[in-house]
Amino acid sequence: MKTKSFILLVMVFILLSGCNKYKVNSIYNKDAIVIDGNGEEWENSKYYIKDHDAVFGVMNDDEFLYLYF
């Protein structure tokens, strides 16, 4: 339940921080995305928002959308 609340809070934060201010592209990844806490596979898809000192990434494959925070 805490995870769902955290994800909802992050999504609201992103939406309220200015929709027209940032352009974010999802990078298509044909390789398997491993959920392991290591950010090596995210190097080409990271975004840094200086105003909020936040880093995030967005990737997708044929089935899912992956978010990195």
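The values are calculated or read from the model by the stated rules, or taken from the named source; none is laboratory data. Keep in mind it's a predicted model, so treat the numbers as computed, not measured. Don't worry about glycine lacking a Cβ; one is built from the backbone with ideal geometry, like all the others, and counts go over all protein chains shown. Only protein heavy atoms, including side chains, enter the accessible area calculation; ligands, DNA and RNA are left aside. Shrake-Rupley method; radii C 1.70, N 1.55, O 1.52, S 1.80 Å.
Summary of values
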| read-out | value |
| --- | --- |
| Filter pass, Gly18 being at pLDDT below 80 and not in a helix (DSSP H, G or I) | yes |
| All positions within the range 23-69 that are of a type in the set (A, V, I, L, M) and surrounded by 10 or more Cβ atoms within 10 Å (Cβ to Cβ) | Val24, Ile27, Ile33, Ile49, Ala54, Val55, Val58, Met59, Leu67 |
| Pair list, Cβ < 8 Å and 6+ apart or interchain, from the range 39-58 residues that are over 11 Å from Phe69 (Cα atoms) to residues that are small (Gly, Ala, Ser) and open to solvent by 20 Å² or more (accessible area, probe 1.4 Å) | Ser45/Ser26; Ile49/Ser17; Asp51/Ser17; His52/Ser17 |
